[in-house]
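The values are calculated or read from the model by the stated rules, or taken from the named source; none is laboratory data. None of the values given here were measured: they were computed from a predicted structure. Ideal geometry is used to build each Cβ from the backbone, glycine not excepted, and the neighbour counts take in all protein chains shown. Note: accessible area is taken over every heavy atom of the protein model, side chains too, but ligands, DNA and RNA are not part of it. Shrake-Rupley method; radii C 1.70, N 1.55, O 1.52, S 1.80 Å.
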Amino acid sequence: MTALLELSGVQAAYGATRALHGIDFAMEENSITALLGANGAGKTTTLRAICGMVRTEGAIRFAGQPIHGRRTEHIARLGIAHVPDGRGTFLHLTTEENLRLGAYVRKDRAAVARDLERVYGYFPRLKERSHQQAGTLSGGEQQMLAVSRALMLAPKLMLLDEPSFGLAPLVVKELFGILRAINAEQHVSMLLVEQNAAMALDLADRACVIETGRVVLTGSADEMKKDDAVRRAYLGY
Amino acid sequence: MSKKVVTVTILLIAAACVLPFVVSNYRTFQLTLVLVYAIALLGLNILTGYNGQISLGHGAFYAIGAYTAAMLMDQAGMPYWATIPIAGAVCLLAGFLFGLPALRLEGLYLALATFALAVSMPPILKSHLLERWSGGVQGIVIVKPDPPAFLADVGIKLNPDQWLYYFALAIALVLFVIGWNLIYGRIGRALIAIRDHHTAAEAMGINTALYKSLAFGVSAMYTGIAGALGAIAVQFVAPDSFTVFLSITLLVGIVVGGLASLSGAIYGALFIQFVPNIADELSKAAPWAVFGIFLIGFVYLMPTGVAGAMRALLGRLGRGKLSPPKEALP
Amino acid sequence: MEAVLFQVLAGLATGGIYASLALALVMIYQATHLVNFAQGEMAMFATYIAWSLLNAGVPYWAAFLLTVAFAFVFGVLIERIVIRPVENAPVLAVVVVFIGLLVILNSVAGWIFSYTIKSFPSPFPAALGIRYMSPHQVGALAVTLVVLALLYVFFRFTPLGLAMRAAAQNPVSSRLVGIRVGWMLALGWGLAAAVGAVAGMMVAPIVYLDPNMMSGILLYAFAAALLGGIDSPGGAVLGGLVVGVLENLLGAFVIGNELKLVVALVLITGVLLVRPSGFFGSVQVSRV
């Protein structure tokens, strides 16, 4: 079986500053992979590299197809939905308009309408706020909106950049529960970047540890939880 | 200033002094206008090139300078040379006053406000409220000044065109020396700092408000003096000489000549004086088409203008390699 | 009193035209944060196309639609060819490019069609006139309102309109949902040019057709857009009507017709000084 996403020797730079020195990993269909690492290790850049948001070298394959060097909008059309850091909300549009934009590239109207209801089912609070300007939503609601917007693409793969950032613990728990449900029910694979390594490892099947732009460790989430170095560095016990 | 630059400058000034004796009267008149434009462009460059405030309305200050000179000569019978400093002073004040509100406007909005000023200038000049002094739509005709008598007394014979050329040359030299001192001194450094890093300049203790309105005033003064000289040279002012296209001509001058460059004012002046004459033979519209194409072409291909290209060229000749132009587009 | 009413209604008719052009400016401003100084000349050029079509015997409304289509394509091409290379350049460079465009369009129009003033027909039958308004004034106002309504429906209710608004607001997120942001900008330019063309064809019977016909109109449109808030389409429309009425009232009763343009200058500098965000615009906070 070919991997859903495969990165080999991916390098990226912001101007003269190299952020990635050669990232290699692969993830299978219908799986959740967590990227762990300190601040500035290159986790966010890895997600951006996959989406064509930074200049990259090396090979990136999605469902067997090379996508490196493609435009961001093109990659999105292939079924990769990115929930960026900072959530990327369209602040001046309504909640529902944000969600409709998520489905912008889909032509099957009936299925889009079904997905909209499904998303509202996961996040009833968004339905209550459907005609409110997205900028007026709380941080937690905006994060739910960002996940929902990504979901409206009917993606094969979701890239989640710190979904727990700035959220209250209870909200994070709720959100991660829903992410698990989405993975189970809709067979959406996820690549998750998280500061909260414990939560990420609970959710994920596999994990990669990134240090200074390189993958230094890969393994199943359970192995990782037991690994002493990972525990000391990222789990704090 | 390096020794080489001094030598070249002195040679150029010497050449400028000889020119009226080797070319026709009409060419001398055209060269006078080149000097006039060079002064105006230097003024615009102080504001837009060095200080980064975009003005699309400097034709308005040129018009104010021109009308001040013309009205003083026509109404008050003032001698032409006395009108120059007054035109400068009037424009200094006008520029300073327009610059005060302009302080609050960032790039694009300042461009808008000055554009509006330029478009509104002809109707203001035509207005019947000013007609008694401004001559309304007809404008004012000025008499061409004769060379002063003392020159003939000491045996120097000049015709009026030649005399006006030297008069303009003298004023241009004085204004360029002042401009040079301004730009390469404390004030110039402050202006450039404000252009490149507004907030940092403020944090360093530069009074940005003062410098910006000062730049506006001085810039308008230069352009106003040019306007007065220009009016005397062409012996005529009328509202339709000062449309928004005059402002655009000045913009063409600094973009082609080179933003934030003293010598660029001269290249730009030569360009806006002579290129339309050449293009004119094609069609009445051709000069403007050429201006437009040069505007866009320079932004794409040569953002440092002719002055930047000359610097690069001289650098290559001097050191055998291409030196990067220092003063990029703000 | 009757004279005032007369001026107010005349002001609304021209104000509608300013409103359309102001809307064109706002559309480009929203997408790029730039003010298109060449918007007026683009409209002027399109109006000459209409004039040529009419001269060739094309019926008015067919010529009207063809001109709008031409303007749309022309706007798209200008964005793609001329504006795209300076997208991220400093403001000065972009302003210079706009001015270059203005000058080129103006001179090419003069070159092809000559600088002599031409009359331009009004398509509206005499029956449309009411007591205080000429047929053309009524018709122009109606056409303007139809254009505004169409734009509203387009931006509010169609997926493409939504995508264009999204691309203007947040290009990064727009790409992430698969929107081709570059094309949305080009489309915005096309729409703005089309709306401008309508404004040109509606104003030409009043001011007559010549290459400089739009300079004053553009100034009023600037004033209208700024008054309403340069990033607010609704504000631009209202601003246009207010400017039209103000211009007519002040021109007729206070300062005289010859200084009408100064109203625009005073409004522009006044709004910029007192309330740069206009009456409906969002206040811009810049990070340092």
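Place +1 on the Cβ of every Lys and Arg and -1 on the Cβ of every Asp and Glu in the stretch C:2-274, take the dipole about the Cα centre, and give the residue among C:Q30, C:L209, C:G251 whose Cα lies farthest towards its positive end.
Of C:Q30, C:L209, C:G251, it is C:Q30.
Accessible area per residue for the stretch A:89-154 in Å², computed with a 1.4 Å probe and the full protein assembly in place, what is it? Numbers along the way, then the final one.
Details: 2780 Å² over 66 residues.
Value for the stretch A:89-154: 42 Å² per residue.
Cα centroid distance between the stretch C:218-255 and the stretch A:137-204, in Å?
48 Å
Of B:M310, B:M121, B:M73, which is the most mobile in a GNM of chain B whose springs link Cα atoms less than 10 angstrom apart?
Greatest mean-square fluctuation among the candidates belongs to B:M310.
Starting from the Kirkwood Rh over alpha-carbon pairs, what translational D in µm² s⁻¹ does the protein assembly as shown have by Stokes-Einstein at 37 °C and 0.692 mPa s? The partial results should precede the final answer.
On the way: Rh = 30.4 Å.
Translational D for this selection: 108 µm²/s.
From the mean inverse distance of alpha carbon pairs (Kirkwood) and the Cα radius of gyration, derive Rg over Rh for chain B.
0.97
From the Cα trace of the stretch B:1-117, what convex hull volume per residue do you get, rounded to a whole Å³? List each step's numbers first, then the result.
Working: hull volume 17.6 nm³, N = 117.
Convex hull volume per residue, Cα atoms: 150 Å³.
Run lengths n ≥ 4 of DSSP H only: what is the helix-derived mean residue ellipticity at 222 nm for chain B, with -39500 (n - 2.57) per run over all residues, to the nearest 500?
Computed mean residue ellipticity for chain B: -24500 deg cm²/dmol.
In Å² (nearest 100), what accessible area is buried between B and C, both sides summed, heavy protein atoms only, 1.4 Å probe?
When B and C are taken together, about 3800 Å² of accessible area is lost.
Explain nothing, just the number: relative contact order of the stretch A:185-232, from Cα pairs under 8 Å at least 6 residues apart, as a whole percent.
Answer for the stretch A:185-232 is 26 percent.
If you take each beta carbon of peptide A:102-110 and count the beta carbons of other chains within 10 angstrom, what is the mean?
Rounded to a whole number, the mean comes out at 3.
So how far apart, in nm, are the two label points at C:F6 and A:T2 if each is 7 Å from Cα heading toward Cβ?
Once both label points are built, they end up 7.9 nm from each other.
If B:F291, C:F154 are ordered by their accessible area, calculated over protein heavy atoms with a 1.4 Å probe, which sequence runs from highest to lowest? Walk me through the numbers before you get to the answer.
Details: B:F291 5, C:F154 55 Å².
Ranked from most to least accessible, the order is C:F154, B:F291.
Run the 1.4 Å probe and let me know the accessible area of A:V54, rounded to the nearest 10 Å².
Here the residue's solvent-accessible area equals roughly 20 Å².
Highest first, please rank the peptides A:87-100, B:193-206 by the mean number of other Cβ atoms sitting within 10 Å of their residues.
Ranked by mean Cβ neighbours within 10 Å, highest first: A:87-100, B:193-206.
Given A:K107/A:K156; B:K126/B:K212; B:K144/B:K284, which pairs have Cα atoms separated by over 20 Å?
Cα-Cα > 20 Å for B:K126/B:K212; B:K144/B:K284; rest within.
Can you pull the one-decimal nm distance between simple spin-label points at C:L65 and B:E131, each 7 Å off the Cα toward Cβ?
Here the modelled spin labels are 5.0 nm apart.
Rounded to the nearest 0.05, what FRET efficiency is calculated for B:T9 and A:R214 with R0 set to 51 Å and r the Cβ-Cβ distance? Each step should come with its number before you reach the end.
Values: r = 59 Å, r/R0 = 1.15.
With R0 = 51 Å, the Cβ-Cβ based efficiency is 0.30.
For peptide C:83-95, what's the mean number of Cβ atoms from other chains within 10 Å of each residue's Cβ? Don't jump to the answer; show the numbers that get you there.
On the way: counts 0, 0, 3, 3, 0, 0, 4, 8, 9, 16, 9, 4, 11.
Mean partner shielding for this stretch: 5.
Can you classify the stretch C:1-113 as rounded, prolate or oblate using the Cα gyration tensor, where a ≥ b ≥ c are the square roots of its eigenvalues, rounded means a/c under 1.5, and otherwise it's prolate if a/b beats b/c and oblate if not?
oblate
What number results when the radius of gyration of chain A, computed over Cα atoms, is divided by 2.2 N^0.38 Å?
Taking N as the residue count of chain A, the ratio is 0.98.
Averaged over peptide B:102-113, how many Cβ atoms belonging to another chain are found within 10 Å of each residue's Cβ?
6
Can you give me the convex hull volume of the Cα atoms of the stretch C:2-274, divided per residue and expressed in Å³?
Details: hull volume 36.2 nm³, N = 273.
Given the Cα convex hull of the stretch C:2-274, per-residue volume reads 132 Å³.
Based on C-alpha coordinates, I'd like the Rg and Dmax of the stretch B:169-267, in Å.
In Å, with Rg to one decimal and Dmax whole: 15.6, 49.
Whenever you get a sec, compute what percent of the accessible area on the protein assembly as shown sits on carbon and sulfur atoms (1.4 Å probe).
64 percent
Would you kindly give the portion of the calculated P(r) for the stretch A:37-107 that falls above 17 Å, as a percent of all Cα pairs?
52 percent
Suppose R0 equals 41 Å. What FRET efficiency, 1/(1 + (r/R0)^6) with r the Cβ-Cβ distance, do B:L93 and B:E202 give to the nearest 0.05?
Here the calculated transfer efficiency is 0.95.
A:H131 to C:S277: FRET efficiency via 1/(1 + (r/R0)^6), r the Cβ-Cβ distance, R0 22 Å, to the nearest 0.05?
Details: r = 25 Å, r/R0 = 1.14.
So the FRET efficiency works out to roughly 0.30.
From the residues C:S114, C:F64, C:M1, which one has its Cα farthest along the dipole of chain C in the positive direction, the dipole being from +1 and -1 charges on Cβ of Lys/Arg and Asp/Glu about the Cα centre?
Looking along the dipole axis, the top candidate is C:F64.
Write down Rg/Rh for the stretch A:137-210, rounded to two decimals, with Rg from the C-alpha atoms and Rh from the Kirkwood relation over Cα pairs. If you can, show how the numbers build up before the last one.
Values: Rg = 11.7 Å, Rh = 12.6 Å.
Ratio value, two decimals: 0.93.
Using the Kirkwood radius built from alpha carbon pairs, what does the Stokes-Einstein equation give as D for the stretch C:101-152 at 4 °C and 1.567 mPa s, in µm² per second?
So the translational diffusion coefficient is about 94 µm²/s.
Return one number: the angle in degrees, 0 to 90 and rounded to the nearest 10, between the long axis of the Cα atoms of helix C:60-78 and the longest principal axis of the Cα atoms of chain C.
Tilt of helix C:60-78: around 30 degrees.
Taking the Cα-to-Cβ direction at C:L160 and at A:R114 and moving 7 Å from each Cα, how far apart do the two end points lie in nm?
My value for the distance between the label points is 2.8 nm.
Step by step: find N for the stretch A:108-237, compute 2.2 N^0.38 Å, then divide the Cα radius of gyration by it. What's the final number?
Output field value: 1.16.
Only four residue types carry charge here, +1 at the Cβ of Lys and Arg and -1 at the Cβ of Asp and Glu. Report the dipole size of chain A about the Cα centre in Debye, rounded to the nearest 20.
540 debye
Looking only at chain A, where both bridge partners belong to it, what percent of the DSSP beta bridges are antiparallel (to the nearest 5)?
Values: 23 of 41 bridges.
Counting DSSP beta bridges with both partners in chain A, the antiparallel share is about 55 percent.
Given only helices, namely DSSP H runs of n ≥ 4 each adding -39500 (n - 2.57), what is the per-residue ellipticity at 222 nm of chain A, to the nearest 500 deg cm²/dmol? Don't skip to the answer; put the middle values down first.
Working: 9 runs with 85 residues, N = 237.
After summing the helix terms and dividing by the residues of chain A, the value is -10500 deg cm²/dmol.
Regarding the stretch A:89-154, what whole-number volume in Å³ per residue does the convex hull of its Cα atoms give?
Each residue corresponds to 68 Å³ of Cα convex hull volume.
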